[in-house]
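The values are calculated or read from the model by the stated rules, or taken from the named source; none is laboratory data. Note that the structure is predicted; figures quoted are calculated from it, not measured. With ideal geometry, Cβ positions are generated from the backbone for all residues, glycine too; neighbour counts draw on all protein chains shown. Protein only, heavy atoms only, side chains kept; ligands, DNA and RNA dropped before computing areas. Shrake-Rupley method; radii C 1.70, N 1.55, O 1.52, S 1.80 Å.
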Amino acid sequence: MSSATSNGPAVSREEFDALFERVRTWGRWEPAERGAWNRVGADHVRRAAALVRSGTAVPLGRPWDTVSGPDNRRPALHYMSDLGDVEAPEPSAHKDFVGADYHGKGISHLDALSHIAYRGRLYGGGAARELVGAAGARFGSVAALGPLVTRGVLLDVPAALGLPWLEPGRAVHAEDVTAAEEALGAQIGEGDAVLLRTGRFRRRRELGPWDADAFCAGFHVDAVPLLAERGIALLGGDGDSDVRPSPVEGLHSPVHALAVAAMGVPLLDNLDVEELAAACAATDRHDFLLIVAPLNIPGGTGSPVSPVAVL
């Protein structure tokens, strides 16, 4: 397995565009706005449910982060709107408000297919300017996705390397994926959800926060064809799947463009998978039942979410 710490090799825009065409799945499924989630049918769900042995449920969502920091530039909101003194007494009621500009590095969330366009086109080829406006998305909204229940695979690359975490800027290549599969004993298959652990939140707890928009470990674009060949339905992890700085000239989030806009694969960002990694190591198994239930937001480009892994 590669031990390089760089985000390279560099990829030209022409090479990237060829890769985009190579992994593109436009026109493959109906309904198109569910993209790769169409891969997951009743048989997939039954097989995933059969993975449950101990019945241990592990939450993957981060705590609702209301504290500003270098990796949380738009903190979530939480305030009390009723302290039991507004309505008639008995029983008293306590109410609160929550809100979030969740696309960023602070909130665990799901990216729907309307979240990313490449060269002005959403997944399937529709013009983004025509399909996404001030009232929301008319194609590829999170409401069109619904819930996902499937097999999850934790790709714990630091564990496979014998490291506590990957340093920010470290690219995960196709060779790292296959080596981790072999080391961890879990191969990625059709309809699976792949969760990449880079160790981001362990590093954050031990060393403090940093600007993850500028530097973070994640996939190099050369890993995407392998994931496409395996037929994944969902990609996510403790970052946003992209290595940063980007290795592709002129593109800040090339894996986003390939996964969402080309392959129709929604993304899960900013999951805290440390508890899951410990549970997987303790049981010596890195696949599990995964349940993802985004909020039903008509026109939404995504949703805050707290997925659950069940071992």
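Contact annotation: residue pairs with Cβ atoms under 6 Å, 6 or more positions apart or on different chains, pairing a residue in the stretch 26-55 that is in a loop (DSSP other than H, G, I, E, B) and modelled with pLDDT of 95 or more with a partner that is of a type in the set (Ser, Thr, Tyr) and surrounded by 13 or more Cβ atoms within 10 Å (Cβ to Cβ), are Val40/Thr150.
Quick grid of which residues meet (1) small (Gly, Ala, Ser); (2) touching a Gly at 6+ places or on another chain (Cβ under 9 Å); (3) in contact (Cβ under 8 Å) with a residue 40 or more places away in the chain; (4) on the phi > 0 side of the Ramachandran plot:
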{"residue": "Val142", "(1), (2), (3), (4)": "no, yes, yes, no"}
{"residue": "Leu145", "(1), (2), (3), (4)": "no, yes, yes, no"}
{"residue": "Arg151", "(1), (2), (3), (4)": "no, yes, yes, no"}
{"residue": "Val157", "(1), (2), (3), (4)": "no, yes, yes, no"}
{"residue": "Leu161", "(1), (2), (3), (4)": "no, no, yes, no"}
{"residue": "Glu175", "(1), (2), (3), (4)": "no, no, yes, no"}
{"residue": "Ala179", "(1), (2), (3), (4)": "yes, no, yes, no"}
{"residue": "Leu184", "(1), (2), (3), (4)": "no, no, yes, no"}
{"residue": "Gly189", "(1), (2), (3), (4)": "yes, yes, yes, no"}
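Scanning the stretch 108-132 for residues that are open to solvent by 40 Å² or more (accessible area, probe 1.4 Å) and closer than 23 Å to Val305 by Cα turns up His115, Ala117, Val132. A count restricted to the stretch 54-79 and to residues that are open to solvent by less than 50 Å² (accessible area, probe 1.4 Å) and either over 30 Å from Trp210 (Cβ atoms) or touching a helix residue (DSSP H, G or I) at 6+ places or on another chain (Cβ under 7 Å) (or both) stands at 3. When Arg200, Arg205 are checked against the criterion of being among the charged types (D, E, K, R) and touching a Gly at 6+ places or on another chain (Cβ under 7 Å), Arg200 stands alone in meeting it.
The number of residues in the stretch 251-290 being without any contact (Cβ under 8 Å) to a residue 40 or more places away in the chain, of a type in the set (A, V, I, L, M) and over 15 Å from Val194 (Cβ atoms) comes to 2.
For the stretch 32-53, name all the residues that are under 19 Å from Leu267 (Cβ atoms) and open to solvent by 50 Å² or more (accessible area, probe 1.4 Å). Passing the criteria: Glu33, Arg34. Among the criteria (1) in a loop (DSSP other than H, G, I, E, B); (2) open to solvent by less than 10 Å² (accessible area, probe 1.4 Å); (3) over 19 Å from Pro304 (Cβ atoms), the one Val194 does not fulfil is (1).
Quick one: would you say Phe215 is of a type in the set (Phe, Trp, Tyr), over 13 Å from the mean Cα position of the chain (by Cα) and surrounded by fewer than 21 Cβ atoms within 10 Å (Cβ to Cβ)? Judged against the criteria, Phe215 is a match. Listed here are the strands (runs of 3 or more DSSP E) enclosed by the stretch 231-311 that have at least 1 residues being open to solvent by 10 Å² or more (accessible area, probe 1.4 Å), at negative phi and not aliphatic (A, V, I, L, M): 287-292, 302-304.
One residue stands out in the stretch 80-92 among those that are open to solvent by 60 Å² or more (accessible area, probe 1.4 Å) and of a type in the set (Asp, Glu): the one that is modelled with the lowest pLDDT, namely Glu87.
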